[in-house]
Protein chains: 2
Amino acid sequence: MKAEEIAEEFPVVDIDSPALEAVRMLAEHHLPGIVVLSTDGQLYAVLPASQVVRFIVPIYVQDDPSLAGVLAESMADRAAETLGGKTVRELLQQHQLTLPAANADDTIIEVAAIMGRLRSPLIAVMKEGKLHGVITASRLLAVALKCGLIDNGRFRAVGTRRPTALSA
Amino acid sequence: MKAEEIAEEFPVVDIDSPALEAVRMLAEHHLPGIVVLSTDGQLYAVLPASQVVRFIVPIYVQDDPSLAGVLAESMADRAAETLGGKTVRELLQQHQLTLPAANADDTIIEVAAIMGRLRSPLIAVMKEGKLHGVITASRLLAVALKCGLIDNGRFRAVGTRRPTALSA
């Protein structure tokens, strides 16, 4: 099975869009990250949700995490100043410019190797120079299970306790 | 709003369970990661889905990624050998033992600061020494939007193009 067959449709955001657009998409669609396109529609970066979260933390708390505890919730609206007026471009960090991308005809193994190496929650799949879709880590594992790449029979039941759903 | 109010119920997996159990949960529930409990039910680690994916890559390809391209799909069943018989414990890497955890009474800002610093797709919320639930990055952004922590009015519309849904 090739990357293009595994890839799913996914919302994207432009590099010069307000940061809030990326926040809304991540929040509303429960996404682990979002694909960022350049002004000419080319793949520019993948922005993990866990990194967008940093921008609701005031800069002085980012610099000194111990201050987070003393920051009253009522003062938390200052956090918005960190994101306010920013564009998606300003949310990107240098290390995120290594593109987590695969080619349409790459195998699952190749996609998994790229994802694991870059610790990216999703991989952009490119076809003829354009973004074809994306593959999340959970999607890749689901396909690997379904197509028998992970053979159930090869797993020994080692644990004695069954995994349990957490009761809140 | 406190961490315990934001936290959601989430499946967990035991450290000595077969790795396949973690793979199935991540795949079936579209999770960005999974909470791992020790044999005595204590929080042990958070295992990101993007790292589990590494284990469907044969070791000789992990060592030399250029081999992924020459690995025929028909040979891919060798990949299962990497996961076969492994337990969840064996999937964990040293750096994942820094626990991405927050206290029940932590503020959103504190949770965001921990998540951003550890680049973790989810945070475990502890209450009275026990796992109370988890907070994903997209959940945290949704709550921050809803409770006005990210004030829409503070965002300037900078981009001229609207973000578009990707047409596959």
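Restricting region A:1-41 to residues that are of a type in the set (Val, Ile, Thr) and touching a helix residue (DSSP H, G or I) at 6+ places or on another chain (Cβ under 9 Å), which is farthest from the other protein chains (Cβ to nearest Cβ)?
Top of the filtered list is A:Ile6.
Which residues, counting only those in region A:98-111, are closer than 9 Å to A:Glu4 by Cα and open to solvent by 20 Å² or more (accessible area, probe 1.4 Å)?
A:Asn103, A:Asp105, listed by residue number.
When only residues in region B:42-66 that are more than 8 Å from every other protein chain (Cβ to nearest Cβ) and open to solvent by 30 Å² or more (accessible area, probe 1.4 Å) count, which is farthest from A:Thr107 (Cα to Cα)?
B:Gln42
Pick from region B:83-92 the residues that are assigned to a helix (DSSP H, G or I) and surrounded by 16 or more Cβ atoms within 10 Å (Cβ to Cβ): which of them is modelled with the lowest pLDDT?
B:Leu83
Could you list, in sequence order, all residues of region B:112-149 that are touching a Ser or Thr at 6+ places or on another chain (Cβ under 8 Å) and open to solvent by 50 Å² or more (accessible area, probe 1.4 Å)?
Matches in region B:112-149: B:Leu118, B:Arg119.
The values are calculated or read from the model by the stated rules, or taken from the named source; none is laboratory data. Computed from a predicted structure; not experimentally measured. Neighbour counts run over all protein chains shown; Cβ positions are idealised from the backbone, glycine included. For accessibility, only protein heavy atoms count, side chains too; no ligands or nucleic acids. Shrake-Rupley method; radii C 1.70, N 1.55, O 1.52, S 1.80 Å.
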